[in-house]
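Worksheet: the structure to be examined is printed underneath.
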């Protein structure tokens, strides 16, 4: 179970949420090291898809306060890789951070796309 703490009042509330929040237009990315190899975190893997595991704490909370969420940067089983491979991952991370402005994002509809019952107007 994941808990997300959101500072009410200044960050959200009073109509400030999602694309109307103070962080609207800003980007956020989660960077995570994961203990196991990729197959364990797939749709058929023991732990299930990593995207579903991360969604509540990274994507949902970030979108709620207005961030455009960048696809997460994931490194699987870093304790089991060589120093050379670790350096390659660090280089990839550096490149990722340097290109955040052009990084792929996780799409989410705008508040205007929902009706008064908070259901998408057209699916």
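Of all residues in the stretch 30-63, those being closer than 30 Å to residue 13 by Cβ and touching a strand residue (DSSP E or B) at 6+ places or on another chain (Cβ under 7 Å) number 8.
Could you pull out every one of the helices (runs of 4 or more DSSP H) wholly within the stretch 1-100 that has 1 or more residues that are modelled with pLDDT of 85 or more, over 18 Å from the mean Cα position of the chain (by Cα) and farther than 30 Å from residue 118 by Cα? Write out each step before concluding.
Working: elements: 50-54, 61-64, 83-98.
Filter on the stretch 1-100 gives 83-98.
Within the stretch 101-111, the residues that satisfy the criterion of being in contact (Cβ under 8 Å) with a residue 12 or more places away in the chain and in a helix (DSSP H, G or I) are 101, 111.
The values are calculated or read from the model by the stated rules, or taken from the named source; none is laboratory data. Note that the coordinates shown come from a computational prediction; the quantities given were computed from them, not determined experimentally. Reconstructed Cβ throughout: ideal geometry from the backbone, glycine too, with neighbour counts over all protein chains shown.
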